[in-house]
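Engineer: Once you've had a glance at the structure underneath, I'll fire off some questions.
The values are calculated or read from the model by the stated rules, or taken from the named source; none is laboratory data. Just so it is clear, the structure is predicted and the values come from calculations on it, not from any experiment. Cβ: placed from backbone, ideal geometry, glycine included. Neighbour counts: every protein chain shown. Surface accessibility is based on the protein's heavy atoms, side chains included, excluding ligands, DNA and RNA. Shrake-Rupley method; radii C 1.70, N 1.55, O 1.52, S 1.80 Å.
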2 protein chains.
Amino acid sequence: MTNGRSYRKGAQRRAQILLSALDLFARRGVGASLRAIGEAIGVSHAALRYYFATRDELLVEVYRTHEATVREEGGPAPAISAVGLMERSAERNRSIPGLVELYATLTTDALQAEQHPVTHRFVHERFRRVRADLAERVRAGQAAGTVPADVDPQDAAALVAAASDGLQLQWLLDPDAVDVRRSLALLERLLPGPGPA
Amino acid sequence: MTNGRSYRKGAQRRAQILLSALDLFARRGVGASLRAIGEAIGVSHAALRYYFATRDELLVEVYRTHEATVREEGGPAPAISAVGLMERSAERNRSIPGLVELYATLTTDALQAEQHPVTHRFVHERFRRVRADLAERVRAGQAAGTVPADVDPQDAAALVAAASDGLQLQWLLDPDAVDVRRSLALLERLLPGPGPA
């Protein structure tokens, strides 16, 4: 049994590791083994394995840490359109390409559910949550009369999430040829929000 | 120096390996080492290494084989809209989820240009080619008066490619929650083609 004090110390250590890994991925990308990650952030392989059973688990927890940080900074999600929300998120990600790479790694790993069960569960649930949020914003647009009533909110939500993901990936590969904001602004014409985008 | 006969035999053997690997990926996905791929398709590791220096090279060539097969089957690309072309491609991919997985692996690997130079070059050039083709179709829609004249064809092309890629990924992860065709039909409203979609 651990007492309260050592539990808190363990939780702090775990949180420190997550922040260091987040910083590492943001600066240098994801392509490293658990051992190499440990070396880069100055944590022994054994310590890393104590807090995270697998590389997958660490990657998922790092992404969760990023999402929690964004939520804390942004406060409650404001009443902007579905596309507007994605524009805001893409704008933030411009400065942290390593995280877009982490996201792409998670979604690709998730396709192999048997080899990556933890990643699969996280990405599957995350997409459901994101689509539900976006669909709610499309409905708000319909209630406000800006989005045509015959647009299916679920279809629109999947489209907006897909466009945002795919555009950020194309932009990372070819920053001069792809402008995420302008392409998303085009999609906003189809699904104008109730407020400013 | 190899003579003409052994050159042809080598080329045939290479083509056979590519078709076997294509079949393997379509059925069982991509998550395997070059050695495991060799075992699964009944080709020695040495023979595989003779034709493909790295796993990356094999994956890229398998995807190229898929694209060439699709082109041969489809004949010259018909005069359909940008979104219509993606709908057609997504429809074809529904029956071969292993190839969508291969595609996702290639695009994610491509983000790490230093570790995956061959993949990076292929994906970078492929996106340029795909966007140029889609932009041409948007211009055709503008010439025909179906797409608004103030839509930037490059922005629209990136958007359509992104939506198609992202939707197929979401569909693979959650087939009951995502309908690629319906979401793309929504995008078609924004960019209607000159002919039937």
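Engineer: Quick one: net charge around A:THR108, please, counting Lys, Arg +1 and Asp, Glu -1 for every other residue with C-beta under 10 Å from its C-beta.
Structural biologist: Net of charged neighbours comes to -3.
Engineer: Can I ask one more? Mean residue ellipticity at 222 nm from the helices of chain B, using -39,500 (n - 2.57) per DSSP H segment of n ≥ 4 over the full residue count, to the nearest 500 deg cm²/dmol?
Structural biologist: The helix-only estimate for chain B comes to -24500 deg cm²/dmol at 222 nm.
Engineer: Cα centroid distance between segment B:148-193 and segment B:1-76, in Å?
Structural biologist: When both Cα centres are located, 31 Å separates them.
Engineer: Scan segment B:108-186 for GluC sites (Glu not before Pro) in coil per DSSP, keeping those whose Cβ has at most 10 other Cβ atoms within 10 Å, and list them by number.
Structural biologist: B:GLU114
Engineer: Ignoring ligands, DNA and RNA, what percent of the 1.4 Å accessible area of the protein assembly as shown is carbon and sulfur?
Structural biologist: 51
Engineer: May I ask you to derive the FRET efficiency for B:HIS124 and A:ARG35 from their Cβ-Cβ distance with R0 = 35 Å, giving the value to the nearest 0.05?
Structural biologist: 0.70
Engineer: Moving to a separate point now. How far is helix A:4-28 tilted off the main Cα axis of chain A, in degrees rounded to 10, range 0 to 90?
Structural biologist: 60
Engineer: Label-to-label distances across copies for A:ARG71, with labels 7 Å out along Cα→Cβ, in nm, shortest first?
Structural biologist: For A:ARG71, the other copies' label points sit at 4.7 nm, shortest first.
Engineer: Oh, and also: If you count only protein heavy atoms with a 1.4 Å probe, what accessible area per residue comes out for segment A:1-54, rounded to a whole Å²?
Structural biologist: 65
Engineer: In addition: Compute the long axis of helix A:180-190 from its Cα atoms, compare it with the longest principal axis of the Cα atoms of chain A, and write down the angle in degrees, 0 to 90, nearest 10.
Structural biologist: Long axis of A:180-190 versus the principal axis of chain A: about 40 degrees.
Engineer: Add +1 for every Lys or Arg and -1 for every Asp or Glu among the other residues with Cβ under 12 Å from the Cβ of B:ARG126, and state the total.
Structural biologist: 0
Engineer: Using alpha carbons only, how many degrees (0 to 90, rounded to 10) separate the axis of helix B:82-93 from the longest principal axis of chain B?
Structural biologist: That helix lies at roughly 40 degrees to the long axis.
Engineer: In addition: Could you work out the local net charge near A:VAL43, counting Lys and Arg as +1, Asp and Glu as -1, over the other residues with Cβ closer than 12 Å to its Cβ?
Structural biologist: Summing Lys and Arg as +1 and Asp and Glu as -1 gives +3.
Engineer: Further question on the same structure: With every protein chain left in place, what is the accessible area per residue of segment A:141-197 in square angstrom, probe 1.4 Å?
Structural biologist: Per residue, segment A:141-197 has an accessible area of 37 Å².
Engineer: Nearest 0.05, what FRET efficiency do B:ILE96 and B:ALA144 give at R0 = 30 Å with Cβ-Cβ as r?
Structural biologist: 0.35
Engineer: Using a label point 7 angstrom from Cα along Cα-to-C-beta, what distances in nm, from shortest up, separate A:ALA177 from the other copies?
Structural biologist: 3.2
Engineer: Stretched out fully, how many nm does the piece from B:ARG28 to B:GLN16 gain, at 0.36 nm a residue minus the Cα gap?
Structural biologist: Result: 2.5 nm gained on full extension.
Engineer: Still on this structure, please answer the following. If you take each beta carbon of peptide B:119-127 and count the beta carbons of other chains within 10 angstrom, what is the mean?
Structural biologist: If you average over the peptide's residues, the count of other-chain Cβ atoms is 2.
Engineer: Taking A:SER44 in one copy and the same position in all the others, each labelled 7 Å out along Cα→Cβ, what are the pairwise distances from the first, in nm, shortest first?
Structural biologist: 4.6
Engineer: Mind checking which of B:ALA144, B:ALA21, B:ALA90 has the largest fluctuation in a GNM of chain B, springs on alpha carbons under 10 Å?
Structural biologist: B:ALA144
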